[in-house]
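Here the structure is laid out as structure tokens; the discussion comes afterwards.
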Amino acid sequence: MNYQINEKEVATCNKFIDAISSISLFNPYATNFIYIPLILLVDELLKLLEDYSFFRLDEKGTIVDATGEFEKVIEKNFNDIVLHTDKKKIARAFIELQRKKVASAKLLMNIDGRKSFKISFVKGDGEILGVAKRLDVDEPSFISDFMGNIIYAKEEWKDLEGKNIFDLAENRESLLDAIEDAIREGECEKEIFINDKKALVKIKVNDNIEFYIKEDIFSFIKDILRSKNEEELLQNVKKAVEALKIKYEINGGEDAIHLFPIYKEDKIEYQIAVYEEIDERKRNLLQFISTSASATLEKLNGFEKILQHFPIYKIDEKGFFVYVNDKFEELIGYSFSELKNKKVDELAEKRNEFFEKLKKGKLENFVSKWKGKGKEVFVCEYAWKLNGETIVLLQDITKEKEKEREAEFYNSLLRHDIFNKNEIALGYIGLLEKTNLTKKQKEFLKKIRDAIADSNKLIENIRKAEEIRKSKSKLESINLKEIVEKICEEFEEEALKRNVKISYNLDDAIVYADNLIKEVFSNLIKNALQHAECNNIMIYGEFENNYYKVYVEDDGKGIDEEDLPKIFEEGWRKDGGSGLGLYIVKKLMERYNGKIDVESKVGKGTKFILYFKLARKKAKKEFLKIRF
């Protein structure tokens, strides 16, 4: 192989070789060179000449002669072109050079921009010779001082300059832990979320703190596995491969150096063609990408077969049917030839609401009634807008709706007819109580009144359970302490009659709930007053992560251990009652994205623990939010 080198390079190379030769012979520290024949060293240097820059420094550290990239900084002091983050490194290298005549260091330097070099120095007679190999290096996304002030940022992160990383980080402690790890180990890599998008950050600590942020390739893998159709799958595969920064093509092949197939039903459906040499890490990642894509493609293919079991229709922008499958024809009773000149609103109700909600591009769980051929059908619709058309999948819920209507009829009968008749009976009992009755007759009358009152309580609890089931009210931010204060005041009189003291001690916790939250505490306090045989009811709370825990505790008779798993079941009862109170509490806590637990010992009392999700305060808008 021929090498084209100029006289200056030859002269510099010769000086470098002479210096190495003298050190090899006389310097006891230069063990790397003692056994290398000089001719082999010259040959290796010549081979690597194109990849390396050579330079010569005078005693003051000024670059007096150089080749390659270092020609651009001739007459500059070497220390001045080393970035401030690596000043300590070059200081250590020069001290080592004075002691051992040789030294090396990886340095970030300002030569036409920020660049990284592996540099070896040799101290000769009155001068220092050096050889530098350019390293591929990522520029830090941004740099902060140890107070967290961001003093430098790449173009895409420029808005961060002048801000403080500790103010931007949502969880300051995790960031401090990561910086401590970087100080101890030299660098630290962590998972990070930027505006809720996952990435990786590498933190390096020198004179300042450097943050290198890159997209997490494994988040792309997750996107591949979550693809909803073949088109989305290919887009996600492309994003994943592009993150590797390689030259590639989907379904290429000619002149490709590497091929990574994507299979569908044991046949190659697509392939990732790579047109450059890649290292083992990238090869493994590409293999992982193609395997994940193959698995997803198989899943989507299976999903298409499953879809054949659901009624599907497609309409154009004007609402005319352009496609229906066999299952749709079977459900509605009309064939496609009967439907192709019809608009969807001729058969389905609530179309204005349907299209209004579909403006977001996707609609789920939309319940509607359809006029089929000689029948009425209730469905749950799932719709997507694609290329100007609307594709809708239906789930037949006609039988469920019929059961719901039947249940509503009986609930209505209970709530109105039976409840009203009970109230009339209580009215007549009140009149009877004013007549001359014997003691025995009054006792019987009281039992009748109590039985009717219990019946009305049962009806009321059924009404509440139904209200919870059908409730569509949105959860809002509610001050828990204020709610508990009001409920405790309402039970003051009854507690006084039973010689029970109710006390509470809660923080001003703001939680997610709705106007039914009063039922949670009403049921628990009523339960303790009527069944616990207690002297005290204590309500207190504490913050725990994203929840506020409320304890409702009594010092009563407790609950048998064997009964604890059953007490939240619908209709379970032991000491009278409707069997719906604790069931209602459980359902409400589930509605609030929380939960209820119970602890109890016979003779020691019972403690209910409620977990309420804390409402988030609205944060001021920032350029971005960072979570380590």
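The values are calculated or read from the model by the stated rules, or taken from the named source; none is laboratory data. Everything numeric in this text was worked out from a predicted model, so none of it was measured. Backbone-built Cβ (ideal geometry, glycine too); neighbour counts: all protein chains shown. Calculation scope for accessible area: heavy atoms of the full protein, side chains included, ligands and nucleic acids excluded. Shrake-Rupley method; radii C 1.70, N 1.55, O 1.52, S 1.80 Å.
List pairs: first residue in segment 233-250 and over 16 Å from T291 (Cα atoms), second residue hydroxyl-bearing (S, T, Y) and open to solvent by 40 Å² or more (accessible area, probe 1.4 Å) anywhere in the structure, Cβ distance under 7 angstrom, at least six positions apart or on different chains.
Correct list of pairs: K247/Y275; Y248/Y275.
Exactly one of (1) within 26 Å of G558 (Cα to Cα); (2) in contact with a strand residue (DSSP E or B) (Cβ under 7 Å, 6 or more places away or on another chain); (3) among the β-branched types (V, I, T) is unmet by I487. Its number?
It is condition (2) that I487 fails.
Looking at D112 and the list (1) in contact with a strand residue (DSSP E or B) (Cβ under 9 Å, 6 or more places away or on another chain); (2) modelled with pLDDT under 85; (3) not aliphatic (A, V, I, L, M), which single condition is not satisfied?
All conditions pass for D112, except number (1).
Please enumerate the residues belonging to segment 542-572 that are of a type in the set (K, R) and either touching a Ser or Thr at 6+ places or on another chain (Cβ under 8 Å) or assigned to a helix (DSSP H, G or I) (or both).
K566, the sole residue that qualifies.
If you scan segment 405-442, which residues turn out to be open to solvent by 90 Å² or more (accessible area, probe 1.4 Å) and either at pLDDT 80 or above or in contact with a His (Cβ under 8 Å, 6 or more places away or on another chain) (or both)?
L431, K434, N436, K439, K440, K442
What are the pairs, 6+ residues apart or on separate chains, where a residue within segment 562-582 that is at pLDDT below 75 has its Cβ under 8 Å from a residue that is among the hydroxyl-bearing types (S, T, Y)?
Matching pairs, first to second residue: E570/Y583; G571/Y583; W572/Y583.
How about segment 359-383: which of its residues are in contact with a Leu (Cβ under 7 Å, 6 or more places away or on another chain) and open to solvent by 90 Å² or more (accessible area, probe 1.4 Å)?
Result: K371, single match.
Would you tally the residues in segment 351-385 being among the basic types (K, R) and part of a strand (DSSP E or B)?
5
Within segment 93-151, track down each residue that is hydroxyl-bearing (S, T, Y) and part of a strand (DSSP E or B). Spell out the reasoning first.
Restricting attention to segment 93-151, the residues satisfying the condition of being hydroxyl-bearing (S, T, Y) are 104, 116, 120, 141, 144.
Of everything in segment 93-151, those that are hydroxyl-bearing (S, T, Y) and part of a strand (DSSP E or B) turn out to be S104, S116, S120, S144.
Would you please name the residue that is farthest from L529 (Cα to Cα), looking only at residues in segment 542-558 that are touching a strand residue (DSSP E or B) at 6+ places or on another chain (Cβ under 7 Å) and of a type in the set (D, E, K, R)? Walk me through it before giving the result.
Taking segment 542-558 first, the residues touching a strand residue (DSSP E or B) at 6+ places or on another chain (Cβ under 7 Å) are 542, 546-556, 558.
Among the residues that remain, those that are also of a type in the set (D, E, K, R) are: 542, 549, 553-555.
Working: E542: 24, K549: 22, E553: 12, D554: 9, D555: 11 Å.
So, considering only residues that are touching a strand residue (DSSP E or B) at 6+ places or on another chain (Cβ under 7 Å) and of a type in the set (D, E, K, R), the one farthest from L529 (Cα to Cα) is E542.
So, in segment 56-89, of the ones that are in contact with a Ser or Thr (Cβ under 9 Å, 6 or more places away or on another chain), in a helix (DSSP H, G or I) and not charged (D, E, K, R), which residue ends up modelled with the lowest pLDDT?
G68
Might you check whether a residue that is closer than 25 Å to N229 by Cα, without any contact (Cβ under 8 Å) to a residue 60 or more places away in the chain and open to solvent by less than 20 Å² (accessible area, probe 1.4 Å) occurs anywhere in segment 344-358?
There is at least one residue in segment 344-358 that is closer than 25 Å to N229 by Cα, without any contact (Cβ under 8 Å) to a residue 60 or more places away in the chain and open to solvent by less than 20 Å² (accessible area, probe 1.4 Å).
If a residue must be part of a strand (DSSP E or B), closer than 21 Å to K342 by Cα and in contact (Cβ under 8 Å) with a residue 40 or more places away in the chain, how many such residues does segment 386-395 contain?
Counting residues in segment 386-395 that are part of a strand (DSSP E or B), closer than 21 Å to K342 by Cα and in contact (Cβ under 8 Å) with a residue 40 or more places away in the chain gives 6.
Restricting to segment 513-546, and then to whatever is over 25 Å from E460 (Cα atoms) and surrounded by 19 or more Cβ atoms within 10 Å (Cβ to Cβ), can you tell me which residue is farthest from the chain's Cα centre (by Cα)?
Here is the first cut: in segment 513-546, the ones over 25 Å from E460 (Cα atoms) are 534-536, 538-546.
Retained after the next criterion (residues that are surrounded by 19 or more Cβ atoms within 10 Å (Cβ to Cβ)): 534, 539, 541.
Values: C534: 45, I539: 34, G541: 28 Å.
Checking each candidate, the answer is C534.
Restricting attention to segment 241-258, and to residues there that are in contact with a helix residue (DSSP H, G or I) (Cβ under 9 Å, 6 or more places away or on another chain) and at pLDDT 85 or above, which single residue is farthest from Y382 (Cα to Cα)?
Selected residue: H258.
Among the residues of segment 590-614, write down those that are open to solvent by less than 20 Å² (accessible area, probe 1.4 Å) and at pLDDT below 90.
Selection gives Y592 alone.
Per-residue answers, yes or no, for (1) more than 17 Å from F54 (Cα to Cα); (2) open to solvent by less than 50 Å² (accessible area, probe 1.4 Å):
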| residue | (1), (2) |
| --- | --- |
| R114 | yes, no |
| L129 | no, yes |
| K154 | yes, no |
| D181 | yes, yes |
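Hey, can you tell me all the residues within segment 187-208 that are in a strand (DSSP E or B) and either hydroxyl-bearing (S, T, Y) or modelled with pLDDT of 75 or more (or both)? Step through it out loud before you land on a result.
Here is the first cut: in segment 187-208, the ones in a strand (DSSP E or B) are 187-194, 197-205.
Answer for segment 187-208, where residues must be in a strand (DSSP E or B) and either hydroxyl-bearing (S, T, Y) or modelled with pLDDT of 75 or more (or both): E187, C188, E189, K190, V201, K202, I203, K204, V205.
Kindly provide the set of residues from segment 384-404 that are loosely packed, with under 12 Cβ neighbours inside 10 Å and either modelled with pLDDT under 70 or among the polar types (S, T, N, Q) (or both), ordered by number.
Result: N387, single match.
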